[in-house]
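The values are calculated or read from the model by the stated rules, or taken from the named source; none is laboratory data. Everything quoted here is computed from the prediction, not taken from an experiment. All Cβ positions, even for glycine, are placed from backbone atoms using ideal geometry, and neighbour counts span all protein chains on display.
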There are 2 protein chains.
Amino acid sequence: MDQTHDTDLRIDHSPTTLRELAVDRLRQAIISGRFSGGERLVERTLCDQLGVSRSVVREAIRYLEAEGLVETLARSGPMVAKLDWARARQVYDIRGLLEAEAASACARLADDGVKARLHAALRTLEAAFTDADPSRLYHATTKFYEVIFTSAGHDIAWEIVQRLNSRISRLRALTLATTDRRVSGPAHMARICEAICNNDAPAAAKAVRVHLADAAEIARMLLEKET
Amino acid sequence: MDQTHDTDLRIDHSPTTLRELAVDRLRQAIISGRFSGGERLVERTLCDQLGVSRSVVREAIRYLEAEGLVETLARSGPMVAKLDWARARQVYDIRGLLEAEAASACARLADDGVKARLHAALRTLEAAFTDADPSRLYHATTKFYEVIFTSAGHDIAWEIVQRLNSRISRLRALTLATTDRRVSGPAHMARICEAICNNDAPAAAKAVRVHLADAAEIARMLLEKET
DNA sequence: AATGGTATGTTGGTATACCATATGGTCACA
DNA sequence: TGTGACCATATGGTATACCAACATACCATT
């Protein structure tokens, strides 16, 4: 709250380059399933679709390649990275480690401001769930975790989790949509929120692990069914 | 050993693109301290130094940017990412989680082949230590962990750890060099190796955590001393 | 039908041109 | 002397054109 005073009257220079836009668009297109796994990404086609030049497209692809969303085959060019259960399982395991740790730290540190933001995120999440709005639910879930990670000071872990999430984004969208079978989604989140608001670190970590184990189980069934 | 028969007379198509080479060179230059943290990376200068065109340099920079080694400021261009203790601490924490989990899994799964490779890696590590060869020590340590992660099937976690390691590479080189104060380096590794070879998962995880706590402590002192 | 050549498409690599912006300096003027 | 206008330079961002290598599909010859 003290250094904001410094940056307060700073001009919001936001020169969002074309490249950043292209990265976002492409990432979103992959995440949303617009491009399916294994699909080739032909540079010049993307130039037309995005309305930018090859330089921009190529640099965007390099970025997404380093993110793990795109893999470039030797002489065949870039394609959307494929996802099998062996890899997805690893992603869920790593998320479990990082998110449990973050929730634990958050529970130890949470003050009233954090708790308020967490409750707010939970409310929009529940609203999105009752409205059956997948996109809002997706973003609300992300926001919920963002509060946990950033208030715990785990910036880098949050970067990693976001990257992992975009890799399994299709699965994530599916699991979020499949939660009609159980009331798991918001119920799990509510338990996480409750544990953090009670400053109960072990309970928070446990609640996160339960939620992720559940999500991973749903993901496994989805993945093994479709192959 | 059986599929090598298939690929034996296969031409070793190594289409290492200029871009990959550029990425490796730049990464190595940053890791080795050739470019220090905060230093600007002027594109056209890099073109001359690397002997490639701007396209290649720019794409390489995008890759390293996504890796977290380079950050691009709004209208000032790319620069080598800086590292403070707040971020380094997070990196050590995350490494602790991932490496402990990997060592644990490795200890559960390790068969004779894994144990042999682990011992081999440990021997070259110890040799590099007695020879006081920092570069070999660095690579041997990396190799040691690579055996642990890959034999545990934690490919993705290994990717993440490697990325984190390149971020703190300067620190890592320093901590590896500073271990004359204690005999910690290879001694810790030996204990990790021993626990895994005894298939003692909890001991392996604990040994990893001890080693990392030690490394983090050295890193903290180094970082706070130089600022 | 098998073989060998050919055409096309895609990519990697490069060079170059143009524009916008930031920076720093110079110079005229108050 | 200080101030503001102005310009030159450096740099990043973007677009475009070109070429070579390679893979794939297709076609012709035997």
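If we scan region A:161-169, do we find a residue that is in contact (Cβ under 8 Å) with a residue 24 or more places away in the chain, of a type in the set (K, R) and surrounded by 20 or more Cβ atoms within 10 Å (Cβ to Cβ)? Show your work before the answer.
The first filter runs over region A:161-169 and keeps only residues in contact (Cβ under 8 Å) with a residue 24 or more places away in the chain, leaving A:161, A:163-169.
Add one more test, that the residue is of a type in the set (K, R), and what stays is A:163, A:167.
If we keep only those that are surrounded by 20 or more Cβ atoms within 10 Å (Cβ to Cβ) as well, we get A:167.
Checked region A:161-169: at least one residue is in contact (Cβ under 8 Å) with a residue 24 or more places away in the chain, of a type in the set (K, R) and surrounded by 20 or more Cβ atoms within 10 Å (Cβ to Cβ).
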Take the residues of region B:180-215 that are under 21 Å from B:E146 (Cβ atoms) and touching a Gly at 6+ places or on another chain (Cβ under 8 Å): which is modelled with the lowest pLDDT? B:L212
Any chance region B:132-140 includes a residue that's more than 25 Å from B:A29 (Cβ to Cβ), buried (at least 21 other Cβ atoms within 10 Å of the Cβ) and not assigned by TED's automatic domain parsing to the domain that holds B:I31? no
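Is it true that A:R172 is crowded, with 18+ Cβ neighbours inside 10 Å, at pLDDT below 95, away from chain B (no Cβ under 14 Å) and on the phi < 0 side of the Ramachandran plot? Break it down stepwise before answering.
Details: crowded, with 18+ Cβ neighbours inside 10 Å: yes; at pLDDT below 95: yes; away from chain B (no Cβ under 14 Å): yes; on the phi < 0 side of the Ramachandran plot: yes.
The answer is yes for A:R172.
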For region B:113-227, give me every one of the helices (runs of 4 or more DSSP H) that falls completely inside it and has 3 or more residues that are of a type in the set (D, E). B:201-226
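Whether any residue in region B:80-103 is farther than 30 Å from B:L223 by Cβ, out of contact with any Pro (no Cβ under 6 Å at 6 or more places or on another chain) and assigned by TED's automatic domain parsing to the domain that holds B:D200 is what I want to check. I'd like the intermediate steps shown before the answer.
Here is the first cut: in region B:80-103, the residues farther than 30 Å from B:L223 by Cβ are none.
Looking for residues that are farther than 30 Å from B:L223 by Cβ, out of contact with any Pro (no Cβ under 6 Å at 6 or more places or on another chain) and assigned by TED's automatic domain parsing to the domain that holds B:D200, one finds none in region B:80-103, hence no.
Restricting attention to region B:21-29, does a residue exist that is touching a His at 6+ places or on another chain (Cβ under 9 Å) and farther than 21 Å from A:T17 by Cα? Spell out the reasoning first.
Step one: of region B:21-29, the residues touching a His at 6+ places or on another chain (Cβ under 9 Å) are none.
Among the residues of region B:21-29, not one is touching a His at 6+ places or on another chain (Cβ under 9 Å) and farther than 21 Å from A:T17 by Cα, which makes the answer no.
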Given (1) within 14 Å of chain B (Cβ to nearest Cβ); (2) in contact (Cβ under 8 Å) with a residue 24 or more places away in the chain; (3) of a type in the set (A, V, I, L, M, F, W, C), where does A:L118 come up short, assuming only one miss? (1)
Taking A:L223, is it of a type outside the set (G, A, S) and more than 14 Å from chain B (Cβ to nearest Cβ)? yes
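Take the conditions within 21 Å of A:R117 (Cα to Cα) and within 14 Å of chain B (Cβ to nearest Cβ) and apply them to A:I160. Does it pass? Step through it out loud before you land on a result.
Working: within 21 Å of A:R117 (Cα to Cα): no; within 14 Å of chain B (Cβ to nearest Cβ): yes.
It is false that A:I160 is within 21 Å of A:R117 (Cα to Cα) and within 14 Å of chain B (Cβ to nearest Cβ).
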Say whether the condition of being among the polar types (S, T, N, Q), within 30 Å of B:C193 (Cα to Cα) and either outside the structural domain of B:C193 (by TED's automatic domain parsing) or touching a residue at least 40 places away in the same chain (Cβ under 8 Å) (or both) is met by at least one residue in region B:38-56. no
Test of understanding: among A:A187, A:A216, which residue is without any contact (Cβ under 8 Å) to a residue 12 or more places away in the chain and of a type in the set (G, A, S)? A:A187
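When you scan region A:20-109 for helices (runs of 4 or more DSSP H) that lie fully inside it, which ones turn up with 2 or more residues that are in contact with a strand residue (DSSP E or B) (Cβ under 8 Å, 6 or more places away or on another chain), away from DNA strand D (no atom under 13 Å from the Cβ) and within 12 Å of chain B (Cβ to nearest Cβ)?
Working: elements: A:43-50, A:54-67, A:85-109.
By residue number, A:54-67.
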